[in-house]
Amino acid sequence: MKIDIRKTTPFTDQKPGTSGLRKKVSVFSRKNYLENFIQAIFDTLGDLTGQTLVVGGDGRYMNRTAIQTIIKMAAANSIGKLIIGQNGLLSTPAASCMIRKYKTRGGLILSASHNPGGPDGDFGIKYNGENGGPAPEHVTDTVYRRSREITQFRIADVEDVDLDCLGERPIGGMTVQIIDPVEDYAQLMEHLFDFNLIRAAILSGALTVKFDAMHAITGPYAKRILEDRLYAVTGTVINGIPLEDFGGEHPDPNLFHARELAALMYGANAPTLGAASDGDGDRNMILGSRFFVTPSDSLAVLAANAHLLPGYRDGLRGVARSMPTSQAVDRVAEAVGVDCYETPTGWKFFGNLLDARKITLCGEESFGTGSDHVREKDGLWAVLFWLNLIALKRQSVAEIVRDHWRRFGRHFYTRHDYEAIDPNIAGAIVHRLRQQLPSLPGQTFGAYTVAFADDFSYEDPVDGSISEKQGIRIGFKDGSRIVFRLSGTGTEGATLRIYLERYEPEIEKHEQDAQEALSDLIQLAEHLSEAKQRTRMAAPTVIT
Ligand code: G16
């Protein structure tokens with residue numbers, strides 16, 4: 001096998017964001033752009049001789065060509081083995097599952113998650129470590145440093161590998177194993193949930209489900225698990241074939257982008273559960289008939305009921321949520337008597353807590369929930385959790401959530417996004433907010449008195465690392481909050497996210513619309529940030 005050592009010059013913009021490096025395909029297509037980043041990862045990992053890596057992606061445009069490049073570079077960097085999902089496919093949670101199951105040195109996951117795909121869309125790549133989770137900040141910082149000083153990369157001069165045919169083949173001294181992307185993951189799900197109970201409920205007609213794979217990675221997973229193993233009728237999974245451009249759609253599981261599913265769930269004869277997942281299969285949206293479950297509520301409901309399900313019979317060790325996620329799960333933790341951790345946005349921050357066995361469940365407002373079964377959030381896992389719960393309780397989604405509110409109170413919650421705004425304007429908004437922080441505590445705005453105002457800083461309780469400037473929090477005496485932060489996953493301009501939360505203990509007030517219930521706080525957020533005025537946008541781009 002001939003190995004080329006090619007000269008290159010560094011790019012200055014290869015800084016991983018909230019979840020790996022995400023850029024436009026046009027950026028990733030620049031000469032040596034992908035190669036530089038891959039070599040920077042390999043260099044950061046040190047001696048990889050004989051080591052195994054898992055490789056796979058969400059099937060978006062560039063997935064296959066990027067995998068061929070990774071194979072050639074891995075062979076030239078003395079890697080012993082690559083385990084690759086058939087057709088180059090692996091959902092993010094399935095990749096995490098395989099890294100853990102086969103005890104590999106980690107894996108490379110190719111995805112830009114819920115961002116659009118295709119030649120004009122986005123591409124992304126991230127390294128997950130031996131625990132199956134996204135690399136922590138000190139690793140991604142080192143990759144970034146390395147990417148800025150790189151002068152050469154190694155690549156083998158070999159033929160492309162057939163990614164579609166299962167089995168093992170040698171590439172120089174390295175072995176490439178093409179593996180069924182679904183089987184290991186499906187087995188893990190079967191171990192966590194009561195498949196017999198769910199199957200019986202489905203067969204009896206008491207439980208019906210529709211799953212929107214949004215032309216993305218979860219199609220094959222959902223078909224195998226929901227239709228083949230749980231006997232949901234054929235057609236339960238819609239948009240189930242992964243397409244390189246996601247059918248020209250935005251594979252983001254919310255009411256706006258999962259339109260087909262939303263129309264069904266808000267129409268007559270809706271199934272018991274409607275669910276959708278995103279580009280790489282780690283996000284989930286849960287719907288009942290005419291009922292949207294906020295991700296924050298979903299986490300709280302799962303936490304309150306986990307002990308009823310086979311995989312979680314021993315109860316919870318603790319829970320965690322990202323800072324902007326509503327405090328609904330905090331109330332469950334308090335009632336159950338376990339710790340609740342508040343982390344910065346980004347699944348990587350849960351890794352240490354899970355590895356140290358401080359938590360069992362964790363989740364984020366950004367449609368992510370997961371547990372200690374892998375080290376990524378897991379869309380289909382959340383759907384199966386809900387199916388198991390519905391089969392067990394014999395209640396509708398809405399009844400389960402309303403019962404939860406009755407017991408714990410309701411956290412009204414919404415997120416307003418201003419997307420693709422001028423980064424200078426976004427910076428100015430954040431700067432203005434930061435300047436106000438010292439003077440806010442004690443001030444009263446209508447019914448709300450500020451209890452604290454800060455720029456969230458997190459000290460990891462396991463390794464003591466500190467992450468600063470993770471979002472502006474304004475907390476009020478009644479527990480309400482407004483949070484402002486800039487997204488770390490966008491590829492166009494800046495995205496300002498405004499998160500709003502208010503607690504309502506009174507049952508008679510639980511049926512109010514969230515935007516109405518939060519209207520005073522929404523106005524106050526505008527007063528403090530001048531987001532509309534400064535961006536000259538009449539309304540947020542997306543409200544969830
Ligand atoms: C990623 C991260 C999540 C984060 C989300 C949104 O999700 O893994 O932890 O909550 O981005 O981040 P931001 O608010 O910075 O855009 P995904 O599904 O895109 O990989």
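Treating each Cα of the stretch 416-544 as one equal point scatterer and applying the Debye formula with no solvent, the log10 of I(q)/I(0) at q = 0.09, 0.14, 0.15 Å⁻¹ comes out as -0.28, -0.67, -0.76.
All Cα-Cα distances of the stretch 95-164, cut into 5 Å bins from zero to the largest, leave 3, 13, 14, 17, 24, 21, 8, 0 percent in each bin in turn. Database remark: amide H of Thr18 closer than 5 angstrom to the amide H of Gly488, Thr489 (H placed geometrically; neighbours at sequence offset of 5 or more, or on other chains; Pro and chain starts carry no H).
Evaluating 6.51 cos²θ - 1.76 cosθ + 1.60 at θ = phi - 60° for every residue in the stretch 7-17, the Karplus couplings come out as 6, 8, 10, x, 9, 9, 10, 9, 8, x, x Hz, glycine and proline recorded as x. Considering helices alone, the calculated mean residue ellipticity of the chain at 222 nm is -9000 deg cm²/dmol, with DSSP H runs of length four and up weighted by -39500 (n - 2.57) and normalised per residue.
Extension gain Arg357-Ala200, at 0.36 nm per residue separation less the Cα-Cα distance, in nm? Write down the numbers at each step before the final one.
On the way: separation 157, 0.36 × 157 = 56.52 nm, distance 3.37 nm.
Extra length from Arg357 to Ala200 when fully extended: 53.2 nm.
Distance between the C-alpha centres of the stretch 313-344 and the stretch 194-208: 30 Å, rounded to the whole angstrom.
Let me check against my output: what whole-number percent is the relative contact order of the stretch 2-181, with C-alpha pairs under 8 Å and at least 6 apart? All intermediate terms of the calculation are to be shown ahead of the outcome.
Working: 381 pairs, mean separation 64.1, N = 180.
In percent, rounded to a whole number, it is 36.
Helix 423-436 and the longest principal axis of the Cα set of the chain meet at an angle near 40°.
Ordered by packing density, taken as the mean number of other Cβ atoms within 10 Å over each peptide's residues, highest first, how do 42-54, 210-222 rank? Before the final figure, lay out each step's value.
Numbers: 42-54: 17.7, 210-222: 28.8.
Going from most to least packed, we get 210-222, 42-54.
Using 0.36 nm per residue of separation minus the Cα-Cα distance, give me the extension gain between Arg169 and Glu149 in nm, one decimal. The partial results should precede the final answer.
Values: separation 20, 0.36 × 20 = 7.20 nm, distance 3.43 nm.
Between Arg169 and Glu149, full extension yields an extra 3.8 nm.
The share of C-alpha pairs in the stretch 222-330 whose separation exceeds 19 Å stands at 57 percent. Take the Cα of Glu506, step 7 Å toward its Cβ, do the same at Arg317, and the gap between the two points is 4.2 nm. Were the residues from Asp513 through Lys469 laid out at 0.36 nm apart, the gain over their Cα-Cα distance would be 12.6 nm.
Rg/Rh for the chain to two decimals, with Rh computed the Kirkwood way over all alpha-carbon pairs.
Values: Rg = 22.9 Å, Rh = 23.8 Å.
The Rg/Rh ratio comes out at 0.96.
Calculated FRET efficiency, Ser29 to Lys393, Cβ-Cβ distance, R0 = 56 Å: about 0.65 to the nearest 0.05.
Listed values for the stretch 149-161 are Karplus-derived 3J(HN,Hα) couplings in whole Hz (6.51 cos²θ - 1.76 cosθ + 1.60, θ = phi - 60°), namely 10, 5, 10, 7, 9, 10, 8, 7, 8, 10, 5, 4, 9, and x replaces Gly and Pro.
Taking amide H atoms as placed 1.01 Å from N in the peptide plane, the amide H of Val54 lies under 5 Å from those of Ile83, Gly106, Gly107, Leu108, each 5 or more residues away in sequence or on another chain. Residues whose amide H lies under 5 Å from that of Ile171, counting only those 5 or more places away or on a different chain, are Val176; hydrogens are built 1.01 Å from N in the peptide plane. Using the average count of surrounding beta-carbon atoms within 10 Å as a protection proxy, the listed peptides 489-495, 69-75, 456-462 rank, highest first, as 69-75, 489-495, 456-462.
Within the same chain, lysines fewer than 8 places from Lys81 are excluded, and of the rest, those with a Cα less than 24 Å from its Cα are Lys2, Lys72, Lys101, Lys103, Lys126. Cross-link reach is defined here as a Cα-Cα straight distance under 16 Å, omitting same-chain residues fewer than 8 places apart; for Lys210 the lysines meeting it are Lys223.
With a cut-off of 15 Å on the backbone N, the residues of the stretch 412-447 near the modelled label site 7 Å out from Met537 along Cα-Cβ are 415-430.
Here the translational diffusion coefficient of the stretch 2-181 follows from Stokes-Einstein with Rh set to the Kirkwood radius across Cα pairs; for 20 °C and 1.002 mPa s it amounts to 135 µm²/s.
All of the numbers you see were taken from the coordinates with simple rules; none came from a lab. Computed from a prediction, not measured in an experiment: that's the story for all the values here. Glycine gets a Cβ as well: all are built from the backbone with ideal geometry, and neighbour counts include every protein chain shown.
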